[in-house]
Amino acid sequence: AIGNIAGDSIKVRDRVIQLGGLEKVIKYLNTGERESLVKQCVWSISNFCRSKPAPEYEFLKPCIDKVIGAFYKYDDNEFIVDACWILSYLTESYKKSIKKIIDTNALPKILSFLE
């Protein structure tokens, strides 16, 4: 539900972030306890990222390592698409995220999805 609400408009998204909604979604992404929960969190985060202007980088930065780490755990096409959209939105809006993604050594894994 939080992902749907955040995707409604920039004003609503920013209010959800102010109330700690994005932080809580990232917290649940960090648990990694249930595959379905992780997938839902990734989809929700992609909704936070897709609007222009993007939320402040500091709000989204904590999810980069978690999303990339999940690439190595889950082999679900919908999850991979949503996770790649997050990285796409981040690199489009924040050039500094490109270096962070490269520093994770995730490019070979990301490129393997093209096979």
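The values are calculated or read from the model by the stated rules, or taken from the named source; none is laboratory data. Note that the coordinates shown come from a computational prediction; the quantities given were computed from them, not determined experimentally. In this analysis, Cβ positions are derived from the backbone assuming ideal geometry, glycine residues included, and neighbour counts consider all displayed protein chains. Please note that ligands, DNA and RNA were not included when accessible areas were found on the heavy atoms of the full protein model with its side chains. Shrake-Rupley method; radii C 1.70, N 1.55, O 1.52, S 1.80 Å.
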Subject >> Column: log10 I(q)/I(0), Debye, Cα scatterers of the range 1-109, q = 0.16, 0.21 Å⁻¹ >> reply: -0.64, -1.13
**OP:** Can you list which of the trypsin sites (Lys or Arg not before Pro) found in the range 43-115 are DSSP loop residues with at most 11 other C-beta atoms within 10 Å?
**Re:** LYS73, LYS95
**OP:** With runs of 4+ DSSP H residues as the only contributors, calculate the mean residue ellipticity of the chain at 222 nm using -39,500 (n - 2.57) per run, divided by the residue total and rounded to the nearest 500.
**Re:** -22500 deg cm²/dmol
**OP:** Leaving ligands, DNA and RNA out of it, report the carbon-plus-sulfur percent of the accessible area of the chain at a 1.4 Å probe.
**Re:** 53
Subject >> Karplus-derived HN-Hα couplings along the range 88-101 (A = 6.51, B = -1.76, C = 1.60, θ = phi - 60°), whole Hz, x at Gly and Pro >> reply: 4, 4, 5, 6, 6, 8, 9, 4, 5, 6, 4, 4, 4, 5
Original post:
Could you give the distance between the Cα centres of the range 18-42 and the range 43-71, to the whole Å?
Top reply: 11
**OP:** Working from Cα positions, state the angle (0 to 90°, nearest 10) between the long axis of helix 35-49 and the longest principal axis of the chain.
**Re:** 60
Subject >> Solvent-accessible heavy-atom area per residue, rounded to whole Å², over the range 23-87 at 1.4 Å >> reply: 55
Original post:
So what is the relative contact order of the range 1-106, in percent, for Cα pairs below 8 Å that sit 6 or more residues apart?
Top reply: 26
**OP:** Measure nothing but the geometry: give the 0 to 90° angle between the long axis through the Cα atoms of 21-31 and the longest principal axis through the Cα atoms of the chain, rounded to 10°.
**Re:** 30
